[in-house]
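What follows is a set of notes on a single structure, which appears directly below.
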Amino acid sequence: ALPAVTPAPSPSAAAGGPTTIRVAALTLYPVKSCRGLRVLRWPVGPTGLLLDREWAVVAPDGRVLRQKDCPRLARLTPSLNLAAGLLTLRCEGLPPVSVALGSAARPWVPLRGALLGTEAD
């Protein structure tokens with residue numbers, strides 16, 4: 001999702017010049033269909049926000065899970081620690097799962113059915 005933008009009035013806009021844009025909120029979604037991270041500032045990479053939607057949760061059969069098919073994905077809270085090079089997923093009642101940034105051969109996080117239900121068994 002794109003951050004909300006609000007045009008700020010500027011004297012140059014009234015004169016036909018450029019309008020100043022202010023970003024009201026910035027949310028990063030490192031894992032597809034999971035909760036987002038509200039950030040005040042974040043690095044930009046060649047395709048947009050760095051590490052935005054870089055990962056997905058997959059079922060053991062290799063299917064990428066979507067919140068539409070697996071609503072429990074909304075319970076997963078990701079966190080990124082750029083200094084330590086870690087992506088961590090947390091869900092109440094379960095131990096966290098961490099993945100080293102850049103070390104995974106594939107950009108997905110395998111999880112089991114205890115969290116996701118029968119869709120991931």
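Which condition number in (1) open to solvent by 40 Å² or more (accessible area, probe 1.4 Å); (2) touching a Ser or Thr at 6+ places or on another chain (Cβ under 6 Å) is the one that Thr88 fails?
(1)
Mind checking which residues of region 29-39 are over 15 Å from Asn81 (Cα atoms) and among the hydrophobic types (A, V, I, L, M, F, W, C)?
First, the residues of region 29-39 that are over 15 Å from Asn81 (Cα atoms): 32-35.
Matches in region 29-39: Cys34 only.
Test each condition in (1) at pLDDT 90 or above; (2) assigned to a strand (DSSP E or B); (3) not aliphatic (A, V, I, L, M) for Cys34 and report the one that comes out false.
In the conditions (1) at pLDDT 90 or above; (2) assigned to a strand (DSSP E or B); (3) not aliphatic (A, V, I, L, M), Cys34 misses (2) alone.
Which ones in region 37-91 are farther than 22 Å from Arg22 by Cα, among the small types (Gly, Ala, Ser) and outside any loop (DSSP other than H, G, I, E, B)?
Ala56, Ala74, Ser79, listed by residue number.
Quick one: Ala120 ticks every box in (1) at pLDDT below 55; (2) in contact with a Lys or Arg (Cβ under 9 Å, 6 or more places away or on another chain); (3) surrounded by fewer than 11 Cβ atoms within 10 Å (Cβ to Cβ) except a single one, so which number is it?
(3)
For region 58-78, name all the residues that are surrounded by 14 or more Cβ atoms within 10 Å (Cβ to Cβ) and in contact (Cβ under 8 Å) with a residue 60 or more places away in the chain.
Ala59
Name the residue that is modelled with the lowest pLDDT, counting only residues in region 47-57 that are surrounded by fewer than 18 Cβ atoms within 10 Å (Cβ to Cβ) and more than 19 Å from Gly85 (Cβ to Cβ).
Thr47
Taking region 1-31, which residues are at pLDDT 85 or above, touching a strand residue (DSSP E or B) at 6+ places or on another chain (Cβ under 6 Å) and assigned to a loop (DSSP other than H, G, I, E, B)?
Ala24, Pro30
The values are calculated or read from the model by the stated rules, or taken from the named source; none is laboratory data. Everything numeric in this text was worked out from a predicted model, so none of it was measured. Cβ coordinates were reconstructed from backbone atoms using ideal geometry, including for glycine residues, and neighbour counts include every protein chain displayed. The area values use the complete protein model at the heavy-atom level, side chains included, leaving out ligands, DNA and RNA. Shrake-Rupley method; radii C 1.70, N 1.55, O 1.52, S 1.80 Å.
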